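Structure record follows, encoded as structure tokens.
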Amino acid sequence: MIDSVDSPYILAANTDNFQQLVLDNSKKGPVLVNFWSKKAGPSLRQYPILDKIIHHYDGLALLVNVDTETEVALTRDYGITSVPTLKLFRDGQVVETLHGYQSEAELLSVLDIYVARDSDQVLVDAIHQYTEGNVTKAYQMIADAIAQDPINPRLPLTMCKLLKHEQRYEEAMKLIDSLPDHLRNDREISQFRDLLSYYEEADTSQNISGLAEQVISSPDDIEAKKQLSIHYVITEQYEKALQQLVEIMELDAAFKDNYAQKSMLKVFNIVGADSDLASKFRPNLKRYIH
């Protein structure tokens, strides 16, 4: 039976322990959740491959099985409509979803990106060099690591974060745009690219309090609302940013080639497309998309 496997790397989750086994553990490393059913042949054929792969990683990843026949609430909450469905969690979020039977090669290609790699230690050493003031050496270490391990998304992401720290937004954006598709479309890199776009657009001569006063005194000032939404994103006040975007749509849905709608999609990406905040504001977006 899948749910009675005796292995430290394979666990069975229910509503009571899902937070601990999946969400909490995913902050330490990747957790692959296998939504399965004993009535589904593909689930039973999938399991030996999952067992083999999870032991291949020898503790660097966990496999958590969820029986959809008994764990109805979890199945509903994660929108499972067919089995097997595999959801990979990292840092408390779903980062990949795979529907149906997956080959060993397909699973390895996904998990390899998220499992800790030797090149991650280079990042630790490079960041140490950076904090010690050896900036050029730190960048070179990361660049060399990227050449040696081109599938690790944490390498270019870290370099971009260092560039952002130095307010070198354009360089960071160019680096992301130069990445191959499999890295550019990585969830964290995609989120960071959208965040960078706000730093590039921000009018640094203005601040939130001044912009807020301007919006109050001139409620039809769309440019002020735009800048206020940008500053709210940069300061992680995402709900306030989204509210400003809704007000822009109400004033002029076509403003600057549907700027507000496009910006709202970027904010959804940053906060998570499945987040409560995205769910709350998505109806506003649908109302003004043409």
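Brief remarks follow.
- Complete set of residues in the stretch 170-195 that are over 16 Å from the mean Cα position of the chain (by Cα), over 17 Å from VAL135 (Cβ atoms) and part of a helix (DSSP H, G or I): GLU170, MET173, LYS174, ASP177, SER178
- Counted residues, the stretch 80-102 - those being at pLDDT 95 or above and in a loop (DSSP other than H, G, I, E, B): 8
- Complete set of residues in the stretch 56-75 that are surrounded by 19 or more Cβ atoms within 10 Å (Cβ to Cβ) and under 14 Å from ASN14 (Cα atoms): LEU63, VAL64, ASN65, VAL66, ASP67, THR68, GLU71, LEU74, THR75
- Residue count for the stretch 134-166 satisfying the condition of being charged (D, E, K, R), more than 19 Å from TYR114 (Cα to Cα) and part of a helix (DSSP H, G or I): 3.
- Picking from residues in the stretch 196-208 that are touching a helix residue (DSSP H, G or I) at 6+ places or on another chain (Cβ under 6 Å) and either of a type in the set (Ser, Thr, Tyr) or part of a helix (DSSP H, G or I) (or both), the one that is surrounded by the fewest Cβ atoms within 10 Å (Cβ to Cβ) is GLU200.
- Residues of the stretch 220-278 that turn out to be outside any helix (DSSP H, G or I) and among the β-branched types (Val, Ile, Thr), as a count: 1
- Of the residues making up the stretch 103-119, those that are part of a helix (DSSP H, G or I) and either at pLDDT below 95 or not acidic (Asp, Glu) (or both) are ALA105, LEU107, LEU108, SER109, VAL110, LEU111, ASP112, ILE113, TYR114, ASP118, SER119.
- Checklist (1) surrounded by 15 or more Cβ atoms within 10 Å (Cβ to Cβ); (2) more than 30 Å from HIS165 (Cα to Cα); (3) of a type in the set (Lys, Arg) applied to ARG287, failing item: (1)
- Residue selected from the stretch 180-193 under the condition modelled with pLDDT of 95 or more and either crowded, with 17+ Cβ neighbours inside 10 Å or of a type in the set (Ser, Thr, Tyr) (or both), by the criterion nearest to GLU236 (Cα to Cα): PHE192
- LYS39 out of contact with any strand residue (DSSP E or B) (no Cβ under 9 Å at 6 or more places or on another chain), charged (D, E, K, R) and assigned to a loop (DSSP other than H, G, I, E, B): yes
- LYS87 vs. criteria farther than 30 Å from ASN34 by Cα, of a type in the set (D, E, K, R) and under 23 Å from the mean Cα position of the chain (by Cα): no
- Some residue of the stretch 215-232 being out of contact with any Ser or Thr (no Cβ under 7 Å at 6 or more places or on another chain), of a type in the set (Val, Ile, Thr) and closer than 21 Å to LYS174 by Cα: yes
- Verdict on ILE222 being of a type in the set (A, V, I, L, M, F, W, C) and assigned by TED's automatic domain parsing to the domain that holds ALA254: yes
The values are calculated or read from the model by the stated rules, or taken from the named source; none is laboratory data. Being a predicted model, the structure only gives us computed values, none of them experimental. Positions of Cβ are generated from backbone atoms using ideal geometry, with glycine treated the same way; all protein chains shown enter the neighbour counts.
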